[in-house]
1. Residue 358 - would you say it is in a loop (DSSP other than H, G, I, E, B), over 19 Å from residue 497 (Cβ atoms) and in contact with a strand residue (DSSP E or B) (Cβ under 8 Å, 6 or more places away or on another chain)?
2. When the residues of segment 522-554 are narrowed to those that are part of a loop (DSSP other than H, G, I, E, B) and under 17 Å from residue 230 (Cβ atoms), which ends up nearest to the chain's Cα centre (by Cα)?
3. Listed residues 227, 275, 283, 236; which is loosely packed, with under 15 Cβ neighbours inside 10 Å and either within 30 Å of residue 85 (Cα to Cα) or touching a helix residue (DSSP H, G or I) at 6+ places or on another chain (Cβ under 6 Å) (or both)?
4. With modelled with pLDDT under 95, crowded, with 18+ Cβ neighbours inside 10 Å and more than 23 Å from residue 112 (Cβ to Cβ) as the only criterion, which of 170, 143 stands out?
5. Quick one: count up the residues across segment 273-285 that are outside any helix (DSSP H, G or I) and over 20 Å from residue 339 (Cα atoms).
6. Here is a list of conditions, (1) under 27 Å from residue 459 (Cα atoms); (2) out of contact with any helix residue (DSSP H, G or I) (no Cβ under 8 Å at 6 or more places or on another chain), and residue 196 meets all of them except one; can you say which number that is?
7. Name the residues in segment 414-433 that are part of a helix (DSSP H, G or I), out of contact with any strand residue (DSSP E or B) (no Cβ under 7 Å at 6 or more places or on another chain) and surrounded by 15 or more Cβ atoms within 10 Å (Cβ to Cβ), would you?
8. State whether the residues of segment 363-374 include one that is under 24 Å from the mean Cα position of the chain (by Cα) and within 30 Å of residue 253 (Cα to Cα).
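The values are calculated or read from the model by the stated rules, or taken from the named source; none is laboratory data. Owing to the predicted nature of the structure, the values given are computational and were not obtained by experimental measurement. Virtual Cβ from ideal backbone geometry, glycine too; neighbours counted across all protein chains shown.
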């Protein structure tokens with residue numbers, strides 16, 4: 001065989017190989033292009049992926065894709081089955097018996113034999129719930145105060161008589177208990193994973209959720225992949241629909257917004273995530289240019305923004321402050337226009353808080369029953385006289401502590417109060433400083449907000465229960481009203497929804513009358529979503545649920 005002939009054969013083989021490589025690459029690219037990936041940005045970052053310590057929105061969103069609990073919330077905030085297919089509550093309200101599904105598998109992981117995830121059983125819930133007592137890993141310790149671990153239950157608050165039955169014992173009845181169980185703290189995890197990864201479980205999460213962990217480059221990106229063995233279905237279709245989720249951690253708002261415009265992100269969430277003055281008109285609707293590109297999602301949010309007063313006269317800074325006078329606190333409540341605050345400084349995102357502390361979106365919310373504050377200069381004038389400061393004479397300047405991102409709002413309040421003879425000085429703190437100082441009773445006038453941890457009014461009224469004084473609890477005001485406490489304890493036991501609503505309305509009106517707070521506005525969930533995304537629902541808990549999401553690749 002001549003060298004020329006050999007060369008022709010070699011050339012032919014090379015061309016065949018090139019054709020195969022190109023064909024293979026083309027098929028590979030085609031496969032990749034058909035994958036659907038949901039991308040979003042988390043400006044605040046993520047601190048961990050252990051549901052036991054998921055106490056902020058960013059961590060909760062990620063953990064909601066990875067983990068499941070006994071029960072879950074639907075978008076109407078009703079408790080529905082999840083891993084527990086049904087449950088029974090004893091007549092005395094102290095024993096909850098959950099019957100578990102038998103088709104729920106943990107994600108595949110090296111912590112298991114041969115790396116294959118095993119089936120969830122009731123003992124897994126016993127171990128997962130008992131782990132919450134460890135304050136080194138859990139933020140849920142206070143939620144376990146009502147678990148009965150006395151001699152009556154053999155010192156066991158949780159038992160598993162068999163693989164499909166999980167029992168919880170309470171010290172006293174709690175009408176909010178099922179709602180509490182929807183929090184990510186109460187997710188099930190396998191003991192094998194915790195034994196293997198120990199404190200590093202936060203970086204190696206193993207759950208049962210619709211997505212499973214792939215990789216996390218802290219500060220850069222988090223990648224989750226579709227769980228092919230997920231137990232929930234949408235009709236005949238196994239969930240989830242999309243193939244993966246990627247989360248970026250771009251801190252700069254303008255950069256993140258440009259990435260949304262360029263199509264890198266499918267969604268931006270929150271009024272702080274983009275320039276609302278650029279994107280929305282003063283009625284809170286998308287401007288025409290952006291309406292062509294995005295869908296705007298707006299939804300009631302269980303979040304109340306407020307100004308708080310420390311009113312405990314046993315504390316020195318209160319003894320020396322005019323804010324110990326209720327009439328002055330009420331004058332401040334009447335001294336500015338909440339409607340203008342929401343319209344001009346939030347582009348009508350949210351609702352003026354003209355009722356109580358309980359936000360719009362809760363069952364008991366009713367503006368016709370709970371009468372809050374509206375702008376009323378004449379009321380301010382009368383109350384200043386009652387407080388001993390006619391026309392503001394003799395009233396010292398009052399310092400309001402806030403953070404930088406609320407400056408425009410508090411400056412507006414400052415300006416209107418000044419017009420009504422109440423002088424406010426603004427002190428700007430870093431968020432961590434403000435949080436610690438308020439909890440330690442170092443400030444007696446401060447700007448804060450409260451986001452519902454679970455879908456029950458108890459979570460909001462907890463802030464005013466006298467047994468929850470800060471720094472141990474969240475009663476930052478040291479509000480102490482025995483009549484309020486009686487109603488709070490009664491509502492905690494009440495199972496009848498109508499009766500419970502009436503109790504919370506009475507309590508909310510007490511707060512308005514005693515004025516330990518200045519309700520500002522009830523917030524809204526707001527999201528910009530690309531038009532090729534469907535199935536992305538919203539709810540008043542602002543819980544991100546991606547298992548029903550579909551994406552049409554452009």
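1. Values: in a loop (DSSP other than H, G, I, E, B): yes; over 19 Å from residue 497 (Cβ atoms): no; in contact with a strand residue (DSSP E or B) (Cβ under 8 Å, 6 or more places away or on another chain): yes.
The answer is no for residue 358.
2. Filtering segment 522-554 for residues part of a loop (DSSP other than H, G, I, E, B) gives 531-532, 535-549, 552-554.
If we keep only those that are under 17 Å from residue 230 (Cβ atoms) too, we end up with 535, 544-549.
Values: 535: 20, 544: 9, 545: 12, 546: 15, 547: 18, 548: 19, 549: 20 Å.
It comes out as 544.
3. Values: 227 fails: loosely packed, with under 15 Cβ neighbours inside 10 Å; 275 fails: either within 30 Å of residue 85 (Cα to Cα) or touching a helix residue (DSSP H, G or I) at 6+ places or on another chain (Cβ under 6 Å) (or both); 283 fails: either within 30 Å of residue 85 (Cα to Cα) or touching a helix residue (DSSP H, G or I) at 6+ places or on another chain (Cβ under 6 Å) (or both).
From the options 227, 275, 283, 236, the qualifying one is 236.
4. Details: 170 fails: modelled with pLDDT under 95.
Within the list 170, 143, the selection yields 143.
5. Filtering segment 273-285 down to residues outside any helix (DSSP H, G or I) leaves 273-275, 280-285.
Next, from what is left, pick out any that are over 20 Å from residue 339 (Cα atoms): 273-275.
Looking only at that region, the number is 3.
6. That leaves (1) as the condition not met.
7. 416
8. We begin by selecting, within segment 363-374, every residue under 24 Å from the mean Cα position of the chain (by Cα); these are 363-366.
With within 30 Å of residue 253 (Cα to Cα) added as a condition, the list becomes none.
Looking through segment 363-374, none of the residues is under 24 Å from the mean Cα position of the chain (by Cα) and within 30 Å of residue 253 (Cα to Cα).
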